[in-house]
Amino acid sequence: MTDVREVTCRSPYRRTQWIFAALGAAGTAVTAATAVYAADRGGLWGVWPGIGLLSALVAIASLRGAVARVSADAYGLHVRTLLRRRSMPWSGIADLQIRMKNEWNHKAPDTRCVAVVLDDGRRRLLPLPRSWSPEDPGFDAALETFRTLHRRHGTPRSDHLPVVSHRSAGYGRLGSLALCVLLLSGAGLAVWSVSGTAAEERAWKSAVPCTTRVPAAERGECLSTLPAEIERTEAGRSRNPGRLYFADGRPLERLRVSQEAAREFRPGDRVELTLWRGEVMKVAGERHVWREHVVTPGSVAVLAALCALAAGWPGARVLLWLRRRRLPDDEVLPSELPFVGALAGTALWLLPLAYLHPTGPFDSAAGIVWTAAGSLVTLGLFARAWRATRVRAPGGADAAAAAGEPARRDAEVFLAARFLESTDYNPHHFGTHIVIGGGPPAVTPHSGPGRFAAKPIPAERLTVKEVRRARGGDGKAVPSGWHIADLDDAGRPVRLAAAPGDLARILRELGHVGTPAGADEAAGGAPTAR
């Protein structure tokens, strides 16, 4: 593409988008006219604003997609959207990236977008081109044209094309931060309501039946009883509550009860209602007694603890992002699952403590000891999670430990590893493990024992070019803690992924077998120990 001068990207669905934009605009106009007509007639017009809003949203979204355009020439990138136009010269662009979106579901296709990194560090996501397939010639051709023009008229940081996914250091964490703040706000609100819930529970437990001496203004604080007759019952479906309807609408027309109570009571049953603070707290009949559920301070405290623990998950994602914000944008961050495990361990002692001591853990000696012991456990769990999520540089302690292990070529060892490209020894990406020892290294679709369906690896063809950490472009199937070995397979680039220590052992074995002496040993069996 050395002769490329310019390229223009438009939506491939422009005709359909224009049709939907016209239909949405027409629907909005018709709906508005119908709503005005129905309002003048005094009819039901409440549904029409919703229909008009939906039509307007469809029209705006379709028009936005139909109008969007991105073009590139010798002067830079030119972006046109529905509301604005913007140009970015190549001299002000530091890098081009691929952004992966909507990839939380492993079975769903990834959405690939192009992002522009400016010299000042800001990022701009281009509306076009976009791809919903891992193999899209149109997207790849447009991106390659952008990069060619950038190399010719600008100064790219490197020839490497970063692929940024939700696991990468360059992916924003604003959504995780907002979710964390929202959950912490819910926890704070629940903690604030614990004291009020405890006071209400104490008042309900201490309430006594009303007497003639109690003034009318204070009868809400005591228990009043009224007779009633059930006219009919209505049992709710699924999780919906049931209802009791009373004869002549006295003392009230209907009452929401549990499904079990609605099935136990019968039409014509004479019951006694117990009222407290203007609410029916008890319905007593000959066959069944229903009591209103009173929220306890322990349950509210448990809810607060659950919200706080749940906030720890997105909080851990933000923490890992801040901890490794100096990494390249496409490098995969460590998984937050060790912190999730620490939160789960904390829940084992925090939730019972919150339920049994909702107003404070320091109101008894048992609560103090419980809190102190649990805090020490949590501190140890989080220290372990912090250590487990450290970024391990290739060739570090794990590789040194693997290199120092004694070689036992008579014993088969199955190591979890994957070749990320489809090759003759890894057809259709079938391999999940690599077996070393007891013969030449081979790719297997299982974890052993035995070499059933194993494909020998041609170690003499492979040359190690680089060992690095996982990047966003390596795919979702590669765990975040694995390392990648970039290999040269007789001129073809091949990637091998495995845990750091396992990868060092595999590369050492491939290097040994790749030598002439090692090849003779692999062909003749295990060497005799001296």
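What whole-number distance in Å separates the alpha-carbon centres of segment 432-511 and segment 188-265? Measuring centre to centre over Cα atoms gives 68 Å. Within the chain, the cysteines lacking any other cysteine Cβ closer than 4.7 Å to their own Cβ are C9, C113, C180, C307. Surface composition of the chain: carbon and sulfur atoms hold 59% of the protein heavy-atom accessible area at a 1.4 Å probe. With all protein chains in place and ligands, DNA and RNA left out, the 1.4 Å accessible area ranks F246, F362, F430 as F362, F430, F246, largest first.
Under a 1.4 Å probe, what is the accessible area of segment 239-367 per residue, stated in Å²?
Counting only protein heavy atoms, the per-residue value for segment 239-367 is 55 Å².
Computed with every protein chain present, the accessible area of L161 is close to 40 Å² [probe 1.4 Å].
How much accessible area does I484 have with a 1.4 Å probe, in Å² rounded to the nearest 10? The accessible area comes out at roughly 0 Å².
Largest first, the residues L376, L322 sort by 1.4 Å accessible area into L376, L322.
Each residue of segment 136-141 in order: what ³J(HN,Hα) in whole Hz does its phi give by Karplus 6.51 cos²θ - 1.76 cosθ + 1.60, θ = phi - 60°, with x for Gly and Pro? In residue order, the calculated couplings are 10, x, x, 5, 5, 5 Hz. Volume per residue of the convex hull around the Cα atoms, evaluated for segment 308-380, comes out as 91 Å³.
The alpha-carbon of K282 sits under 27 angstrom from the alpha-carbons of these lysines, leaving out residues fewer than 8 places away in its chain: K205.
With all protein chains in place and ligands, DNA and RNA left out, the 1.4 Å accessible area ranks L183, L510, L337 as L337, L183, L510, largest first. Highest mean first, the peptides 220-229, 206-215 sorted by other C-beta atoms within 10 Å per residue fall in the order 220-229, 206-215. So what's the net charge close to N240: Lys and Arg +1, Asp and Glu -1, counting the other residues with Cβ under 12 Å from its Cβ? Summing Lys/Arg as +1 and Asp/Glu as -1 gives +3. Per-residue surface analysis assigns F139 an accessible area of about 0 Å², computed on protein heavy atoms at 1.4 Å probe radius. Quote the relative contact order of the chain in percent (integer), defining contacts as alpha-carbon pairs under 8 Å separated by 6+ residues. Result for the chain is 10 percent.
Within the same chain, lysines fewer than 8 places from K476 are excluded, and of the rest, those with a Cα less than 28 Å from its Cα are K101, K107, K455, K465. Taking a quarter of the surface of the Cα convex hull of the chain gives a mean projected area of 41.6 nm². Loop-only check: which GluC sites (Glu not before Pro) in segment 236-270 are DSSP coil with at most 12 other Cβ within 10 angstrom? Those that pass, being in a loop and sparsely packed, are E253.
The values are calculated or read from the model by the stated rules, or taken from the named source; none is laboratory data. Since the structure is predicted, the reported quantities are computational estimates derived from the model, not experimental observations. Counting neighbours? That spans all protein chains shown, and the Cβs are built from the backbone with ideal geometry, glycine included. Calculation scope for accessible area: heavy atoms of the full protein, side chains included, ligands and nucleic acids excluded. Shrake-Rupley method; radii C 1.70, N 1.55, O 1.52, S 1.80 Å.
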